[in-house]
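After the structure tokens below, expect a handful of questions from me.
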Amino acid sequence: MSEDTIVAIATFPGNAGINIIRISGDNALNIAGKIFMKKNSNRESKLSLKSRYLHYGYILDKNEKIIDEVLLSYMKSPNTYTREDIIEINCHGGVISAKKILETVLEHDCRLAENGEFTKRAFLNGRIDLTQAEAVIDIINAKTDSSHEISVNHLEGRLSKEINKIIKEIMDLLANIEVNIDFPEYDEDVITINKVKTLSINVIEEIDRLIRTADTGKIIKEGIKTVILGKPNVGKSSLMNFLLNENRAIVTDIPGTTRDTIEEYVNIKGIPLRIIDTAGIRETDDKIEKIGVEKALDKINESDLIIMVFDSSKELESEDEIIINHIKGKKVIYIRNKSDLENKLDLSNYDEIEKDIINISVLKNEGLENIINKINDMFFQGSINISNELIINNVRHKNLLIKAKKSLEEVLKSIEEDMTIDFIEIDLKDAMESLGLIVGASVSDDLVEKIFTEFCIGK
Ligand SMILES: Nc1nc2c(ncn2[C@@H]2O[C@H](COP(=O)(O)OP(=O)(O)OP(=O)(O)O)[C@@H](O)[C@H]2O)c(=O)[nH]1
Ligand SMILES: [Mg+2]
């Protein structure tokens, strides 16, 4: 392998028990020999490190001064994370030890690793495919149990397995078409156009099933972008604070308290929410408030969910109606807050809203669980249960699936239009290429060729 040897601190340096410095590459063992001394040995004796054992000793700087007492492991290639030789040094926590050890390692023939480079090598060296590499990053970034679970599924290769299965189906079909073109005399085995059609329809269905999970996947990964809207003083910030379980937003009885949007992430009973509190919407001459109102309206477009808050103690006003009109076509939960006060809100002109509205009192802590239940119903049909489901949580995967689906739809169109088999072949190959890109394989002509040579004629 001609790759550089790379090194990085793999843990988060700070006030913790240990830190780990990780070295990967041809030169890793050699570097260990230069900086590590086993306990009860001396610098003159040659260092021998058994693979997959923990070795107790010291890291020494270039002046042979002890930097720290460590446990060092050596993992011999190829059965390692990167498929290269790996040295891992467990030193004491804190900022200094790890940093000094890193500096000492860097005095030898290696360089600082780039972000994600160990995993990149695992991929380039064929230990994992692209979906698995992407899952590693998602596991690290996961903020909820469900998000973590989806990514663990991907790391285990469940998505790759599904995609590879579809690729194989298309490949078999292409092989048959090839046989058909090259050896038309084998016509009892020749693929009929009907076969192409049936397969394309089936594969489109399989791909569609995956694409349909992408909305849930995105929401679980990024949180439901929830914008709280309403005219001033209805209790938006109070609701935000309640959901966050902290006094994040300023609450006063003065209408127009919130000027800027406030965004926070919260996980309520497993439901990930990105909650955005906004400025109360009204006509105003106040320059700052005006900007806040515009920002609030802007947030509507990028939201997954709107929580529109009414004030039970006030009559319906034009501000309420302006908001109602702005959020048409969005997923909305309507809230009547301050249900502890006398109800003056008449929604008889808005039957649909009246029918669905949730009555709450943030002040009295009443009715709030109904909001969470409603979100659960709207986004997860009552429960987030993703245990056995394969869910797409990556936009790249989603886009490639859509592309593959389009190519297969082209196949069906070509069949309808009686196009020649070459056209069909091109679109089938495009679909296969898009799917191949998901798992990181570039399905070149050579690969396709190779597959065909493994076929026996007539089969
Ligand atoms: N009686 C009663 N008062 C409430 C309730 N919820 C909030 N309030 C009060 O209503 C006032 C306004 O609350 P905020 O949460 O600041 O309202 P807002 O919608 O964020 O207001 P702006 O930021 O000005 O748009 C405060 O005095 C709250 O204490 C409730 O359920 N019942
Ligand atoms: Mg507010």
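Contact list please: Cβ distance under 9 Å, first residue in the stretch 394-416 and over 16 Å from ASN164 (Cα atoms), second residue not in a helix (DSSP H, G or I), pairs at least six apart or on different chains.
Final answer for the pair search is LYS413/MET419; SER414/THR420.
For residues in the stretch 262-317 being among the acidic types (Asp, Glu) and under 27 Å from the mean Cα position of the chain (by Cα), which is nearest to LEU239 (Cα to Cα)?
Residues of the stretch 262-317 that are among the acidic types (Asp, Glu), as a first pass: 263-264, 277, 283, 285-286, 289, 294, 298, 302, 304, 311, 315, 317.
Still in the list and also under 27 Å from the mean Cα position of the chain (by Cα): 263-264, 277, 298, 302, 304.
On the way: GLU263: 13, GLU264: 13, ASP277: 9, ASP298: 20, GLU302: 21, ASP304: 18 Å.
Out of the qualifying residues, it is ASP277.
In the stretch 1-43, what count of residues is obtained for those that are among the hydroxyl-bearing types (Ser, Thr, Tyr), crowded, with 21+ Cβ neighbours inside 10 Å and out of contact with any Cys (no Cβ under 6 Å at 6 or more places or on another chain)? Lay out the reasoning, then the answer.
Taking the stretch 1-43 and keeping what is among the hydroxyl-bearing types (Ser, Thr, Tyr), we get 2, 5, 11, 24, 41.
Still in the list and also crowded, with 21+ Cβ neighbours inside 10 Å: 5, 24.
With out of contact with any Cys (no Cβ under 6 Å at 6 or more places or on another chain) added as a condition, the list becomes 24.
So the count comes out to 1.
State yes or no: is VAL439 at pLDDT below 85 and surrounded by 15 or more Cβ atoms within 10 Å (Cβ to Cβ)? It would help to see each step written out before you state the result.
Numbers: at pLDDT below 85: no; surrounded by 15 or more Cβ atoms within 10 Å (Cβ to Cβ): yes.
The answer is no for VAL439.
Considering the stretch 404-428 alone, what residues qualify as being surrounded by fewer than 18 Cβ atoms within 10 Å (Cβ to Cβ) and closer than 23 Å to LEU159 by Cβ?
Of everything in the stretch 404-428, those that are surrounded by fewer than 18 Cβ atoms within 10 Å (Cβ to Cβ) and closer than 23 Å to LEU159 by Cβ turn out to be LYS406, GLU409.
Do we find that ILE392 is in a loop (DSSP other than H, G, I, E, B), within 16 Å of ligand 2 (Cβ to nearest atom), touching a Leu at 6+ places or on another chain (Cβ under 7 Å) and at pLDDT below 95 in this structure? Outline the logic, then answer.
Values: in a loop (DSSP other than H, G, I, E, B): yes; within 16 Å of ligand 2 (Cβ to nearest atom): no; touching a Leu at 6+ places or on another chain (Cβ under 7 Å): yes; at pLDDT below 95: yes.
No.
Taking the stretch 338-358, which residues are in contact (Cβ under 8 Å) with a residue 12 or more places away in the chain and either among the charged types (D, E, K, R) or closer than 14 Å to LYS314 by Cα (or both)?
Of everything in the stretch 338-358, those that are in contact (Cβ under 8 Å) with a residue 12 or more places away in the chain and either among the charged types (D, E, K, R) or closer than 14 Å to LYS314 by Cα (or both) turn out to be LYS338, SER339, ASP340, LEU341, GLU342, ASN343, LYS344, LEU345, ASP346, LEU347, ASP356.
Could you please give the count of residues in the stretch 150-170 that are buried (at least 24 other Cβ atoms within 10 Å of the Cβ) and among the polar types (S, T, N, Q)?
Looking only at that region, the number is 1.
May I pose another question? Looking at (1) part of a helix (DSSP H, G or I); (2) surrounded by fewer than 23 Cβ atoms within 10 Å (Cβ to Cβ); (3) of a type outside the set (Val, Ile, Thr); (4) away from ligand 1 (no atom under 16 Å from the Cβ), which one does LYS225 not meet, given that it meets all the others?
Unmet for LYS225, out of (1) part of a helix (DSSP H, G or I); (2) surrounded by fewer than 23 Cβ atoms within 10 Å (Cβ to Cβ); (3) of a type outside the set (Val, Ile, Thr); (4) away from ligand 1 (no atom under 16 Å from the Cβ): (1).
Could you check PRO255 against (1) within 11 Å of ligand 2 (Cβ to nearest atom); (2) in contact with a Phe, Trp or Tyr (Cβ under 6 Å, 6 or more places away or on another chain) and say which number it fails?
(2)
Answer yes if at least one residue in the stretch 296-308 is away from ligand 1 (no atom under 14 Å from the Cβ) and more than 28 Å from ASN376 (Cβ to Cβ), and no otherwise.
no
A further question follows. For LEU239, are the conditions met, namely being among the hydrophobic types (A, V, I, L, M, F, W, C), buried (at least 20 other Cβ atoms within 10 Å of the Cβ) and more than 13 Å from ligand 1 (Cβ to nearest atom)?
On the way: among the hydrophobic types (A, V, I, L, M, F, W, C): yes; buried (at least 20 other Cβ atoms within 10 Å of the Cβ): yes; more than 13 Å from ligand 1 (Cβ to nearest atom): no.
In short, no.
Can I ask one more? Being surrounded by fewer than 17 Cβ atoms within 10 Å (Cβ to Cβ) and within 16 Å of ligand 2 (Cβ to nearest atom) is true for just one of ILE335, ILE306, ILE288. Which residue is that? Walk me through it before giving the result.
On the way: ILE335 fails: surrounded by fewer than 17 Cβ atoms within 10 Å (Cβ to Cβ); ILE306 fails: surrounded by fewer than 17 Cβ atoms within 10 Å (Cβ to Cβ).
The conditions single out ILE288.
Please determine, by comparing only the residues of the stretch 360-376 that are of a type in the set (S, T, N, Q) and assigned to a helix (DSSP H, G or I), which one is surrounded by the most Cβ atoms within 10 Å (Cβ to Cβ). Talk me through it step by step, then tell me what you get.
Of all residues in the stretch 360-376, those of a type in the set (S, T, N, Q) come to 361, 365, 370, 373, 376.
With the extra rule that they be assigned to a helix (DSSP H, G or I), the set shrinks to 370, 373, 376.
On the way: ASN370: 14, ASN373: 12, ASN376: 17.
Per the stated criteria, the residue is ASN376.
Could you look through the stretch 272-287, keep only residues that are out of contact with any Ser or Thr (no Cβ under 8 Å at 6 or more places or on another chain) and among the β-branched types (Val, Ile, Thr), and pick out the one that is farthest from PHE310 (Cα to Cα)?
Within the stretch 272-287, the first condition is being out of contact with any Ser or Thr (no Cβ under 8 Å at 6 or more places or on another chain), and the residues that meet it are 281-287.
Checking the rest, the ones that are also among the β-branched types (Val, Ile, Thr) come to 281, 284.
Numbers: ILE281: 12, THR284: 19 Å.
If we take residues in the stretch 272-287 being out of contact with any Ser or Thr (no Cβ under 8 Å at 6 or more places or on another chain) and among the β-branched types (Val, Ile, Thr), then THR284 is farthest from PHE310 (Cα to Cα).
The values are calculated or read from the model by the stated rules, or taken from the named source; none is laboratory data. Values in this document were obtained by computation on a predicted structure and should not be read as measured data. Because the Cβ atoms are built from the backbone with ideal geometry, glycine has one as well, and the counts that use them run over all protein chains shown.
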